[in-house]
Amino acid sequence: MNNKLIKKSIILVILIIVLLINVFGASENSRYSTKITQDYDSSEIKKDYARNFINLIMYAKYDEAYSMLTDTCKKDLFDNDQKKFEEYMKLKIYDQGKIKKTFSYEDAVECIEDDKTIYSQQVHILHRSLGTMIIDEEAMGYDIYEYTSVTMINFKIYENGAYDYKLSLQFIED
Amino acid sequence: MGKKVINNLLSIFIVLIVIYLIYSIIEPVFYNKEIVKQNYDKITDEESLIVDSCVKTYLEYCINNNQKEIKGMIPFINKFNMNKYTNLSQMYKEKEIESLDQCIVSGIKKINNSIYQVEVQSRSGNVVDGIIKNTIIIKLKKMGHSFKVYYDMNLNEEGV
């Protein structure tokens with residue numbers, strides 16, 4: 001009986017060691033730092049919200065982009081009409097006629113709206129197109145030139161928590 | 001009599017630990033894209049940021065085909081088929097996803113106490129491919145401050 005107890009105790013100790021390794025042990029690559037919340041700049045995450053929206057528009061995922069908007073934005077800007085939203089986005093952001101588009105995302109700025117903290121972020125879309133200009137009608141000579149136009153969108157970010165958010169759009173300038 | 005009780009208790013502890021260890025080995029099998037919950041658990045900002053960082057680290061290694069590092073992040077049961085991860089890196093290469101900047105974490109949900117579901121959108125450099133959507137499930141081992149990637153939809157897609 002004593003021998004049996006000793007054997008079982010040894011097995012139990014070995015199993016407990018394996019269990020502890022399983023719970024606490026990990027390879028160096030899979031460790032995360034708890035300091036991450038202090039070091040991590042959450043404004044980077046807010047930039048992702050706007051990037052996410054723009055990407056969806058650029059790849060014609062209008063359903064998903066539309067679902068990211070606040071109810072007020074849907075109503076005020078698009079009369080709750082998704083078709084209208086699609087047309088507007090095609091015209092203002094996607095703009096097939098423009099050959100090159102460059103997006104620049106500013107940092108999200110904290111602001112107060114109706115006593116609630118929200119974030120405001122501007123995105124600049126630079127459209128570049130090529131045009132032709134006739135310089136000599138008789139000789140049918142023409143010159144190719146590049147022209148640019150800038151669309152600015154002000155995103156308002158209503159965040160309940162990290163990755164739990166809704167957006168509101170405001171086109172500032174064309 | 002006392003020895004019999006101790007003997008029985010030891011047996012129970014041994015069985016329980018063995019069951020737990022076996023479960024922890026096969027646990028990743030239970031998590032896949034079929035897990036769709038109606039109500040996810042409430043997630044804190046701190047958890048979101050940790051999960052975001054872990055997933056981005058994993059994605060970076062996948063994009064750069066760092067097999068050794070990936071091996072440290074995947075559960076024991078997946079370590080026998082590392083070819084899958086080579087194919088995954090190859091897929092990223094083919095889709096012209098070359099850096100983490102092309103990947104955006106678009107949503108994080110908490111499935112249960114330690115398991116999180118992350119939606120990722122990767123913008124392919126090849127315009128024809130558009131956005132590649134991915135779902136990744138990770139487990140945070142909070143006591144050991146480490147994580148394991150239980151499921152990667154791209155990895156389990158046919159042909160990858």
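Just so it is clear, none of the values below were taken in a lab; they were calculated from the coordinates. Quick caveat: nothing in here was measured; it's all calculated off a predicted structure. Cβ coordinates were reconstructed from backbone atoms using ideal geometry, including for glycine residues, and neighbour counts include every protein chain displayed.
Summary of values
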| read-out | value |
| --- | --- |
| Under the span-like rule (Cα at least 30 Å along the axis, Kyte-Doolittle mean at least -1.0), DSSP H helices of chain B | B:2-26 |
| A:Val18 paired with A:Asn80, simple spin-label distance in nm, labels 7 Å along Cα-to-beta-carbon | 6.1 |
| Around B:Glu27: net Lys/Arg minus Asp/Glu count, Cβ-Cβ under 11 Å | +2 |
| Over region B:31-156, relative contact order from alpha-carbon pairs under 8 Å, at least 6 apart, % | 25 |
| Estimated FRET transfer efficiency when R0 is 30 angstrom, pair B:Leu100-B:Tyr23 (beta carbons, to 0.05) | 0.35 |
| Ranking of B:Asp45, A:Asp143, B:Asp152 by count of other Cβ atoms within 10 Å, fewest first | A:Asp143, B:Asp45, B:Asp152 |
| In order through region B:30-43: 3J(HN,Hα) via Karplus (6.51 cos²θ - 1.76 cosθ + 1.60), integer Hz, x for Gly, Pro | 7, 10, 8, 6, 6, 6, 10, 9, 6, 10, 7, 6, 6, 10 |
| Efficiency of FRET from Cβ geometry, A:Glu110 and B:Asn87, R₀ 51 Å, rounded to 0.05 | 0.70 |
| Eligible lysines near A:Lys47 by straight Cα distance, threshold 17 Å, same-chain separation 8 or greater | A:Lys156, A:Lys166, B:Lys56 |
| Percent of alpha-carbon pairs separated by more than 32 Å within the protein assembly as shown | 45 |
